[in-house]
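Engineer: Just dropping this structure here.
The values are calculated or read from the model by the stated rules, or taken from the named source; none is laboratory data. Computed from a prediction, not measured in an experiment: that's the story for all the values here. Cβ sites come from the backbone with ideal geometry, for glycine too, and all protein chains shown count toward neighbours. With ligands, DNA and RNA removed, areas are computed over all heavy atoms of the protein, side chains included. Shrake-Rupley method; radii C 1.70, N 1.55, O 1.52, S 1.80 Å.
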Amino acid sequence: MNKFLGNKTAILLFILPALLLYSVMVFYPIVQTFFRSLYEWDGLTEGTFIWFDNYKRLFEDRLFFTSVYNGLIFALIITVTQIGIGTVLAFAVADMKFKGRRILRIAFFIPVVLSITVVCQLWLSIYNADYGLINRVFDMLGLSYRQDWLSSSKTAIIAIAFVNAWQYMGYHFALLLAGVKSVPEQYMEAARIDGATKLQAIWKINIPMMAETYKFCLVFAITGGLNAFANMFIMTSGGPGTSTYTLTYLMYRSAFRVGEFGYGSAAAAILVLECLLATLIINRFIARERLTY
Amino acid sequence: MTWIMRMRKSRPGLPIFLWLYALISVYPLLWMIFYSFKNNDEIFVTNPFGPPATLRFENYVAAWSNYDVPVYFMNSLLVAIVTVLGALLLAVMFSYAAARLRWRFSKLAHTYILIGMFIPIQVIMIPLAILVRDLNLANTYGALMVPYIAFNISFASMVFYGFFRSIPIEMEESACIDGASIYRTFFSIMLPIIKPALATMVIFIFLNSWNEFTMAVILITKESLKTLPLGLLFFQGQFTTDWGAMGAAMTIASLPTVLIYVLFSEQVENALTVGSAVKG
């Protein structure tokens, strides 16, 4: 049996293609990102080693702070709306007795499977100042909120964040619904006998028992928000001005528009650290052990 | 039960909220489909919200024949299919060796592959773009297929690894006693057992590569190689006056994934949320 499962040729044949491709296309670039962040590099020549000058420059760059700030705003908006609405919807659907459960689930989830380009183009038309859905609805209701949502540097980042929140709410809903269902019925039953209201039971029993699910949702939403790129690339190209820049956008522009690959790599390295920090904080503040009663 | 019924009676707001959110979630899409059948007059003036008065299929004909939508569509399909096949094959072979075969560094290799799951693509875009250029892959199908396959290995391996670990060792023992080779065992016995996991990953990888944007926008500039997410990007500029054709192109681009979802909704939700068990 050991000979059968220890067949050297077979092992090499099975593992080498995956290991090789992964090492070259995924692992090597991770190392390169950190390494190249210490260089002044145009992507063509060898580049010059400049220690931490790229990082020094980042911390003096106003655009860097705009980018970090926008990443945080974006993460905050999508986290609150996706997890907040997702929670309410998941609990409501879980103890739904009326018809239409399947239709509701499909309705909530369908934007998740759309291409981000389609979603962003669609919302460009929805936000359109003259013919967009939102301004039309305001007009119809006789309200004077009509405005150009994406050309004001104050509202643009918020408007973009809501597009992402809209698209991926269904993802969090599906995760949370699975979480709600994994909590055994008898706990709720017991709480009911002890005289707890439904809301108390959810708050004190269900939600703490879903800590693992919430942890994943938080990590997913927050790192997703910090990484945001496609939404602003398609909808505003970082504008108006530089008001919707994020770290990834800064990296993209530095490397692929201006040709400063080292500077872009430094921005990418900061992004990794930011995501790592967020993940650590979430893990620190949400119980590591699964609650059992 | 009666308790829940009572809650329901006292709180009619909840079902209303559910249906209201369903409307918010779906109406923008319906609106897009509606205007893909309308002319500008109807979109902008006479009937901006409702279903089209007549179905103007000429918008679809225009999107399909006047512009490069068929090219983008075929590119997306080709890239997605090759990515699915390539990533599945590599991941299933690797995870079988890591989970079942006996060699010294199997645990280490498995962990090494898993690192890839925690790295956002954005972070390695710069070295990846340089690499694709240096390997002479720039502006070929390989520029997308090779990185897409590499990127899906980590996640698929993790899923398959779990499945392979749960199979009793007697399966291989009896195959060995019956004189099957290790390859025969792998292809005729192990693969059929993990079919459900394979199906899940087909859906997952297909949807991901069909919709992938960030890598595509950086690695592909040639018009004839663009996938749908890229091709549609430039529609807004081209068609600022022709919303109907734009809507039609976007509807065509969404059709495959929406169809897959509606037909296999349970599996798609499971496939896309399968990572939650481990990733956090």
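Engineer: Highest mean first, how do B:152-162, B:15-25 rank when packing is the count of other Cβ atoms within 10 Å averaged over residues?
Structural biologist: B:152-162, B:15-25
Engineer: Sticking with this one: For the protein assembly as shown, how big is the tail of P(r) above 37 Å, as a whole percent of Cα pairs?
Structural biologist: Every Cα pair in the protein assembly as shown considered, those over 37 Å come to 38 percent.
Engineer: Rg and Dmax of the stretch B:15-129, using alpha carbons, in Å: what are they?
Structural biologist: Gyration radius and largest Cα-Cα distance of the stretch B:15-129: 24.0, 72 Å.
Engineer: Inside 10 Å of the C-beta atoms of B:25-35, what's the mean count of C-beta atoms belonging to other chains? Present the calculation step by step, with values, prior to reporting the outcome.
Structural biologist: Numbers: counts 15, 6, 3, 9, 7, 0, 4, 7, 0, 0, 3.
Per residue, the number of nearby Cβ atoms from other chains is 5 on average.
Engineer: Could you pull out every residue, at least 5 positions away or on a different chain, whose amide H is within less than 5 Å of the one on A:Y39? Hs are placed 1.01 Å off N in the peptide plane, and Pro or chain starts have none.
Structural biologist: Under 5 Å from the amide H of A:Y39: A:I50.
Engineer: Also, I was wondering about something else. Tell me, what HN-Hα J-couplings in whole Hz come from the Karplus equation 6.51 cos²θ - 1.76 cosθ + 1.60 at θ = phi - 60° for each residue of the stretch B:102-116, using x for Gly and Pro?
Structural biologist: Each residue of the stretch B:102-116 in turn: 10, 8, 5, 9, 4, 4, 4, 4, 4, 4, 4, 5, 5, 3, x Hz.
Engineer: Same structure again: What does the accessible area of A:L276 come to, in Å² to the nearest 10, when a probe of 1.4 Å is used?
Structural biologist: 100
Engineer: Let me ask another. Determine the sum of side-chain charges near B:F163: Lys and Arg each +1, Asp and Glu each -1, restricted to other residues whose C-beta is under 12 angstrom from that of B:F163. Intermediate values should be presented prior to the final figure.
Structural biologist: Details: positive: B:R100, B:R165, B:K195; negative: none.
Summing Lys/Arg as +1 and Asp/Glu as -1 gives +3.
Engineer: So what J values fall out for the stretch B:222-227 if you push phi through Karplus, 6.51 cos²θ - 1.76 cosθ + 1.60 with θ = phi - 60°, rounded to Hz, Gly and Pro as x?
Structural biologist: For the stretch B:222-227, the Karplus-derived couplings read 6, 4, 6, 10, 5, 8 Hz, x marking Gly and Pro.
Engineer: While we're looking at this one, here's another question. Per 5 Å bin from zero, what fraction in whole % of the C-alpha pairs of the stretch B:52-95 is there, up to the bin with the longest pair?
Structural biologist: Calculated P(r), rounded to whole percents: 5, 19, 14, 13, 11, 10, 9, 7, 6, 4, 2, 0.
Engineer: Using the Cα centre of the protein assembly as shown as the reference point, and only Cβ charges (+1 on K/R, -1 on D/E), how large is the resulting charge dipole? Debye, rounded to the nearest 20. Display every interim value, and only then the final one.
Structural biologist: On the way: 41 positive and 31 negative charges, 331 e Å.
Charge dipole of the protein assembly as shown: 1580 debye, to the nearest 20.
Engineer: Of all the accessible heavy-atom surface of chain A, with the other protein chains kept in place and a 1.4 Å probe, what percent is carbon and sulfur?
Structural biologist: Solvent-exposed carbon and sulfur of chain A make up 65 percent of the total.
Engineer: Something else now. Sort the following peptides by mean Cβ neighbour count (other Cβ atoms within 10 Å, averaged over residues), highest first: B:96-106, B:192-202.
Structural biologist: B:96-106, B:192-202
Engineer: For peptide B:14-23, what's the mean number of Cβ atoms from other chains within 10 Å of each residue's Cβ?
Structural biologist: Whole-number average of other-chain Cβ neighbours for B:14-23 is 5.
Engineer: For the stretch A:215-228, what does the Karplus curve 6.51 cos²θ - 1.76 cosθ + 1.60, with θ = phi - 60°, yield as ³J(HN,Hα) per residue in whole Hz, taken in order and with x for Gly and Pro?
Structural biologist: Values per residue, Gly and Pro as x: 4, 5, 4, 5, 4, 4, 5, 6, 5, x, x, 5, 7, 3 Hz.
Engineer: For chain B, list log₁₀ I(q)/I(0) at each q in 0.14 Å⁻¹, using the Debye formula over Cα point scatterers of equal strength and ignoring solvent, two decimals each.
Structural biologist: Result of the Debye calculation: -1.09.
Engineer: Starting from the Kirkwood radius over alpha-carbon pairs of the stretch A:61-285, derive D by Stokes-Einstein at 4 °C in a medium of 1.567 mPa s and give it in µm² s⁻¹.
Structural biologist: 67
Engineer: Skipping prolines and chain starts, which residues have an amide H placed within reach, meaning under 5 Å, of the one on A:N128, given they are 5 or more residues away or on another chain?
Structural biologist: Close amide H contacts, sequence-distant or interchain: A:L133.
Engineer: Another question, then. If packing is taken as the average count of other Cβ atoms within 10 Å, what order do B:54-60, A:80-86 fall into, highest mean first?
Structural biologist: Highest-to-lowest ranking by the protection proxy: A:80-86, B:54-60.
Engineer: Within a 10 angstrom radius of each residue's Cβ in B:210-220, how many Cβ atoms of other chains show up on average? Whole number is fine.
Structural biologist: 4
Engineer: Given a 1.4 Å probe and the protein chains all in place, what does the accessible area of B:I177 round to, in Å² to the nearest 10?
Structural biologist: 140
Engineer: Just to verify a number: what accessible area does A:S153 come out at with the full protein assembly present, 1.4 Å probe, Å² rounded to tens?
Structural biologist: 70
Engineer: Enter the Cα centre distance for the pair the stretch B:41-73 and the stretch B:176-242, rounded to the nearest angstrom.
Structural biologist: Distance between centres, Cα-based: 29 Å.
Engineer: Something else now. If each of B:N47 and B:V262 carries a label point 7 Å out from its Cα toward its Cβ, how far apart are those two points in nm?
Structural biologist: 2.0
Engineer: How big is the charge dipole of the stretch B:117-184 about its Cα centre, in debye rounded to the nearest 20, if each Lys and Arg gets +1 on its Cβ and each Asp and Glu gets -1 on its Cβ?
Structural biologist: Working: 3 positive and 5 negative charges, 74 e Å.
Here the stretch B:117-184 has a charge dipole of around 360 debye.
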